[in-house]
Amino acid sequence: MCGGFTCSKNALVLLNGVYVVVAFILIGVAVYGRAASIVTNLPIIGGILACGILLILISMLGLAGALKHHQVMLFFYMVILFMLFLIQFSVACACLAVNNDQQEGFAQHGWTTVNPEIKTKVQETFLCCGFLDRNITNGTMGHPPCDSVNHLCSASGCPPCMEKLQATINHAFKLCGSIGLFFSFTELLAVWLARRYRNQPDPDYKEPRSTYPRSLY
């Protein structure tokens with residue numbers, strides 16, 4: 001059974017190396033989710049992005065603590081990583097629990113806050129017109145005209161943008177939630193491994209010699 005000091009050290013180093021890769025995956029998925037749904041206000045995806053950045057910093061702390069067998073670094077590594085597990089687990093569950101109506105609410109809030117230039121870009125990118133009603137356009141209620149895209153769609157005009165964005169938004173939420181949920185459980189493994197490694201004595205450690213002379217008595 002792999003339970004020695006060296007094995008625990010190598011396992012902790014390897015696990016933190018994997019976390020660096022996972023962090024970049026989380027950041028990439030979150031960026032994809034934002035880019036794929038250009039106008040949506042998705043704070044949950046922003047939480048995934050923050051977790052990815054924080055995970056990189058924690059991984060560096062864990063690597064330094066594992067290589068040096070530094071008691072203080074390993075202690076703060078365990079505490080911060082456990083807190084990150086709670087945050088990442090909550091965010092991942094929130095991503096998976098968001099329904100279509102809530103996604104539409106996020107998207108509608110984002111649509112109403114962006115400027116007309118961004119709305120025009122979205123309409124041209126996804127070949128859509130308006131948000132929920134393509135007839136509410138032509139400069140009314142902040143909606144840009146659809147003249148530049150209507151000729152590219154059918155004779156009846158382009159569909160509302162929400163119909164085009166719904167599948168992309170839903171895919172981004174499910175992907176972020178699944179990845180975040182899977183890797184959040186590995187953080188518990190890292191906390192347990194760091195605790196065991198921290199309590200194991202270093203077989204190569206040598207007591208420093210005392211500088212005081214031995215007593216003559």
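The values are calculated or read from the model by the stated rules, or taken from the named source; none is laboratory data. Bear in mind that the values here come from a model prediction, so they are computed numbers and not experimental data. Neighbour counts are summed over all protein chains in view; Cβ atoms, including those assigned to glycine, are modelled from backbone coordinates with ideal geometry.
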Item to complete: Kindly indicate the residue of the range 124-133 that is closer than 13 Å to N150 by Cα and in contact with a His (Cβ under 9 Å, 6 or more places away or on another chain) and also modelled with the highest pLDDT among those meeting that condition.
Response: C129
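Say we look at the range 150-176 and pick out the residues that are of a type in the set (A, V, I, L, M) and at pLDDT below 75; which of these is surrounded by the fewest Cβ atoms within 10 Å (Cβ to Cβ)? Talk me through it step by step, then tell me what you get.
Here is the first cut: in the range 150-176, the ones of a type in the set (A, V, I, L, M) are 152, 155, 162, 165, 167, 169, 172, 175.
Okay, now just the ones that are also at pLDDT below 75, so 152, 155.
On the way: L152: 9, A155: 5.
Per the stated criteria, the residue is A155.
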